[in-house]
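One structure is given here, and the rest of the page talks about it.
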Amino acid sequence: MDFNFPLILVIAVFASGLIGLIDILVLAPRRRTAVASYREQVEEADEETLSRLSREPGMVETAKSVFPVLFVVLVLRSFLYEPFQIPSGSMIPTLQVGDFILVNKYTYGLRLPVIGTKVVAVNEPQRGDVMVFKEPMNPNINFIKRVIGVPGDKIEYRNKTLYVNDEKVPETFVAELRDDFEPRLGRNLVYRIYEETIGDTSHQIRKDMDIENRLPQTEWTVPEGQYFVMGDNRDRSNDSRYWGFVPEANIVGKAVYIWMHWPSWFDLPNLKNNGSII
């Protein structure tokens, strides 16, 4: 089930803050008035009664306790850094399933939580950036892919080869390896690792030799205010080649660091993949 955690967090901050404000403006003065009235009615005040009259209601006490924590979390994840977990293998070999990453929320400008409206412009996505964004078809789902084309770029992808503005993107063969056994072929699948350079970034990509590309189209021109993205696992990625461009309004931030790897509940978390994301 999809749920909008930023919206839940905003509602929780607003609700706890509102309860605290109502207490300051209405409930606390009433408690002080009740204590003063009680003192006037008796010669010697009972401490237990005074404690009862001045005690904050449980809901108010809880709201005032959690509000600062929730507010700090909201500010951090909305404007600075937000953690994500990699759920699929579309970015292999750069990112593995189970990697926990940090996403820089201010690199591409400060945005309001939930609605995503940019309020402060900083930088724009560049070719080669690893970017987190809301899936165009379902904004409740976050995707992570590499930026291949920026507004105005012409992108071509044919015969497993990438071209940007009519120039072949440089790539260097690294290794040929074997993956899972494929009963249909009677052998293990063969894939190759290449070192690709796009923009100012050099990174590894994966190409499966036994998977044939069947794309709805092979050429695209990136419109203004949109971006073309692809997974580094080129033959196992659901990306712009299939569903189109990423609108600027859907951008969440730039993936910058792997801080933990935890593939499943049956494994222990580890730090083997820790490091900057390129």
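Details
- Residues in segment 261-278 that are part of a strand (DSSP E or B) and over 27 Å from GLY149 (Cα atoms): HIS261, ASN270.
- Unique residue being touching a residue at least 60 places away in the same chain (Cβ under 8 Å), under 23 Å from MET131 (Cβ atoms) and surrounded by 12 or more Cβ atoms within 10 Å (Cβ to Cβ) when the list is LEU95, LEU70, LEU76: LEU95
- Members of segment 222-236 found to be under 12 Å from GLY89 (Cα atoms) and of a type in the set (S, T, N, Q), listed by number: ASN233
- Remark: pairs (first residue in segment 201-214, within 12 Å of ASP179 (Cβ to Cβ); second residue acidic (Asp, Glu); Cβ separation under 7 Å; 6+ apart in sequence or on different chains) = ARG206/ASP232; LYS207/ASP235; ASP208/ASP235; ASP210/GLU182; ILE211/ASP235.
- With a requirement of 1 or more residues that are more than 29 Å from the chain's Cα centre (by Cα), the strands (runs of 3 or more DSSP E) lying completely within segment 138-183 that satisfy it span 154-158, 171-182.
- Residues considered: PHE84, PHE133. Of these, the only one that is modelled with pLDDT of 95 or more, of a type outside the set (Ser, Thr, Tyr), buried (at least 16 other Cβ atoms within 10 Å of the Cβ) and closer than 16 Å to PRO6 by Cα is PHE133.
- Restricting segment 14-45 to residues that are of a type outside the set (A, V, I, L, M, F, W, C) and part of a loop (DSSP other than H, G, I, E, B) leaves a set whose member that is nearest to VAL66 (Cα to Cα) is GLU44.
- Exclusive hit being in contact with a helix residue (DSSP H, G or I) (Cβ under 7 Å, 6 or more places away or on another chain) and either in a loop (DSSP other than H, G, I, E, B) or at pLDDT below 90 (or both), set GLY128, GLY116, GLY89: GLY116
- Residue satisfying all of: in segment 104-116; closer than 20 Å to PHE71 by Cβ and of a type in the set (Val, Ile, Thr); surrounded by the fewest Cβ atoms within 10 Å (Cβ to Cβ) among these: ILE115
- Segment 227-278, subset of a type in the set (Phe, Trp, Tyr) and touching a Gly at 6+ places or on another chain (Cβ under 6 Å), residue surrounded by the fewest Cβ atoms within 10 Å (Cβ to Cβ): TRP262
Conditions tested, residue by residue: (1) assigned by TED's automatic domain parsing to the domain that holds ASP153; (2) within 21 Å of LYS254 (Cβ to Cβ).
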| position | (1), (2) |
| --- | --- |
| GLU56 | no, no |
| LYS64 | no, no |
| PRO68 | no, no |
| VAL73 | no, yes |
| TYR108 | yes, yes |
| GLY116 | yes, yes |
| VAL122 | yes, yes |
| VAL130 | yes, yes |
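The values are calculated or read from the model by the stated rules, or taken from the named source; none is laboratory data. Being a predicted model, the structure only gives us computed values, none of them experimental. Using ideal geometry, Cβ is built from the backbone for each residue, glycine included, and neighbour counts are taken over all protein chains shown.
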